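Reading through the structure tokens given below for one structure.
The values are calculated or read from the model by the stated rules, or taken from the named source; none is laboratory data. From a predicted model like this one, the values you see are computed outputs, not experimental measurements. Cβ atoms come from the backbone with ideal geometry, glycine included; neighbour counts cover every protein chain shown. For the accessible areas, the whole protein counts, side chains as well, though only heavy atoms, and no ligand, DNA or RNA atoms are used. Shrake-Rupley method; radii C 1.70, N 1.55, O 1.52, S 1.80 Å.
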Amino acid sequence: MAHPTQPPHVVVHAPALDGSRRVTAGEETLGVATHLDDVVEILRLADLDTIEVEESDLIEWQGGGPDDWPGLSEHHEQPGTG
């Protein structure tokens, strides 16, 4: 049983083929992120927003760090394309 004052170990899994990354805490899937901001929001919704996403030892980044979102650059806003 986890201690109430100890946050769960969070894992941001390696990117899937579409570049998205699953976010889990223990055995529970918290959500799927396509950007670092998504990880922040997923943790906020899970009441884990006290974790510093980019620097915390409580988050294990698999398959790349917080800046690694392969294949998703074309999904962000591209000004002047329209």
Starting from residues that are in a strand (DSSP E or B) and not aromatic (Phe, Trp, Tyr), keep the ones in region 56-72 and report whichever is most open to solvent (accessible area, probe 1.4 Å). 60
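Select from region 1-55 the residues that are of a type in the set (D, E, K, R), part of a helix (DSSP H, G or I) and open to solvent by less than 90 Å² (accessible area, probe 1.4 Å) and write down the one among them that is nearest to residue 65 (Cα to Cα). Outline the logic, then answer.
Going through region 1-55, the residues of a type in the set (D, E, K, R) turn out to be 18, 21-22, 27-28, 37-38, 41, 44, 47, 49, 52, 54-55.
If we keep only those that are part of a helix (DSSP H, G or I) too, we end up with 37-38, 41, 44.
Now drop any that are not open to solvent by less than 90 Å² (accessible area, probe 1.4 Å), which leaves 38, 41.
Working: 38: 14, 41: 17 Å.
That would be 38.
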Report, ordered by the first and then the second residue, all pairs with beta carbons closer than 9 Å, sequence separation of six or more or different chains, a first member in region 34-59 that is modelled with pLDDT under 95 and β-branched (Val, Ile, Thr), and a second member that is open to solvent by less than 50 Å² (accessible area, probe 1.4 Å) and assigned to a helix (DSSP H, G or I). 50/43; 51/43; 53/36; 53/39; 53/43; 59/39; 59/43
